[in-house]
Amino acid sequence: MEETSKAVNSRRRTLMESLGFGRMSVPVGLTERLEHVRALDRVVVPVAKTIRRRLPSGSALRDMLHGVPTGHPLHPPLATISLGCWTATAVLDLIDVDPRASRAVLATGIAGAIPAAAAGITDWSMLHLEQQRVGFVHAMVNLAALGLYSGSLMMRLSGRHQAGRALAFAGLGAAGLGGYLGGHLAYRMAAGPTHAEPTTHLVPLGWHDLCRLWDLPDGRPVSRRLGYINLFVLRHGAQVKVLADRCSHLAGPLHQGRLKLENDEACVVCPWHGSTFRLEDGAVVHGPATAPQPAFEVNIRGDGIVQVRPREV
Ligand code: FES
C-alpha cells in the first residue's frame, strides 16, 4: 500500500516538474532558502531593533533616509553611484589608463557607499523578517565589497597598483553578488515598490456606490470592498474620508491603524511600521512609505448612499 502511494507521489512530482512547476534557477533557489534561515535572526532582530530605536518614527533624519521628501526610496539610486563607479574602475584598470583616473573613480564609489548604506539600513530595519534575512546578507556582502575597495585604494596610494587592481576585481565580484541580492529583495520580495492598490487600473472612472453613510461607525475606520480593492473608510459626522486600504509600504491594513493629528491635519498611522498618511489626499507625512496612498473623492447622495471615485491627481 505504502509502495503504491510512493509511486503515485513520484509520478505526480514528475508530471508537475515536466509541466514546469517547482523549477527555478539555482541562484534564486539558494536565495529563497536564505529567506528562511532562522539562525540569522539572532543578529537581525536586535540590530533592526537598535536602528529603529536610534532613528525614532517620524524623525526628519529617518524620513530623509527613507526618501520621503523625494517620493522614492533613496537607497537604490545612491547604490547605483557606487556600483557604476566600481564598474568604471574595472574598465579603467583593464584598459590601463592613467592610474589617477581609476583612483578617483574608485574613491567616488567608496564615498557614495556611505550614504547608500545609511539609507539601506534605515529601510531594512522596517522590513518583514524574511526580507531582513536576505537584506542582512546583502549588507554583509556589500560591506565586504567596501572593505576590498578601501584596501584597493590604500594599495594604489602606496604605489602597489597590481595588488590594488586584484583587490578591486575581488570587490567587484562581492558588489555584484550584493547587487543580485538587492535585486532579489526588490523584484522577488517586493521591498521598495509601492504596495498600494493601483486604483486607476482596478476602479473604472465615475462614481461608485460604496455603502450607507449611517452604516459606518463614527470616528472609527473600517474596511469596505469596492470591486477588486479594499478601501479605508472613516466617517466623522456627515463627512467621509476614503483611501486605498493596503499601505503603500508593505501592504499593511490601514483601517486597523491609529488616527492622529499631524500639523493640525488628520492622519492615519499604519499599524505595521508606522507610515503616516494624510487623510485628505493620502500624502505621506512620515515613512517608511515613500509613495502616497491612493485617495478617493466622496459624494453623499440625498438618500445617504456614499459614493466614491478615484481622486484625480
Ligand atoms: S506596511 Fe509598513 S508602514 Fe504600512
Here is a check on your reading of the model: is residue 168 closer than 30 Å to residue 104 by Cα and either among the hydroxyl-bearing types (Ser, Thr, Tyr) or touching a Lys or Arg at 6+ places or on another chain (Cβ under 9 Å) (or both)? yes
Only one of 280, 312, 297 that is over 22 Å from residue 228 (Cβ atoms) and either in the same structural domain as residue 225 (by TED's automatic domain parsing) or outside any strand (DSSP E or B) (or both): 280
Residue that is nearest to the chain's Cα centre (by Cα) [pool: residues in region 263-283 that are within 15 Å of the ligand (Cβ to nearest atom) and open to solvent by 30 Å² or more (accessible area, probe 1.4 Å)]: 273
When region 197-239 is examined, which residues are found to be in a strand (DSSP E or B), in contact (Cβ under 8 Å) with a residue 40 or more places away in the chain and touching a helix residue (DSSP H, G or I) at 6+ places or on another chain (Cβ under 7 Å)? 232
Does residue 174 satisfy the criteria of being open to solvent by less than 60 Å² (accessible area, probe 1.4 Å) and within 21 Å of residue 147 (Cα to Cα)? yes
When restricted to 226, 243, 202, the only residue within 14 Å of the ligand (Cβ to nearest atom) and either surrounded by 14 or more Cβ atoms within 10 Å (Cβ to Cβ) or under 15 Å from the mean Cα position of the chain (by Cα) (or both) is 243
Specify the residue that is farthest from the ligand (Cβ to nearest atom); the eligible residues are those in region 284-294 that are under 17 Å from the mean Cα position of the chain (by Cα) and assigned to a loop (DSSP other than H, G, I, E, B). 292
Options 90, 79, 116, 145; residue that is outside any loop (DSSP other than H, G, I, E, B), assigned by TED's automatic domain parsing to the domain that holds residue 179 and open to solvent by 20 Å² or more (accessible area, probe 1.4 Å): 79
Looking at region 101-123 only, could you name the residues that are free of Cβ contacts under 8 Å to residues at least 40 places away in the same chain and of a type in the set (A, V, I, L, M)? 101, 104, 105, 111, 113, 114, 117
Qualifying positions in region 252-262 - outside any loop (DSSP other than H, G, I, E, B) and open to solvent by less than 40 Å² (accessible area, probe 1.4 Å): 253, 254, 262
Go through (1) open to solvent by 30 Å² or more (accessible area, probe 1.4 Å); (2) over 16 Å from the mean Cα position of the chain (by Cα); (3) of a type in the set (Lys, Arg) for residue 188 and report which single condition fails. (2)
Taking region 265-307 only, how many residues are without any contact (Cβ under 8 Å) to a residue 12 or more places away in the chain and closer than 27 Å to residue 52 by Cβ? 1
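The values are calculated or read from the model by the stated rules, or taken from the named source; none is laboratory data. This is a predicted model, so every value here is computed, not measured. Neighbour counts are summed over all protein chains in view; Cβ atoms, including those assigned to glycine, are modelled from backbone coordinates with ideal geometry. Surface areas here come from the heavy atoms of the whole protein model, side chains and all, with no ligands, DNA or RNA. Shrake-Rupley method; radii C 1.70, N 1.55, O 1.52, S 1.80 Å.
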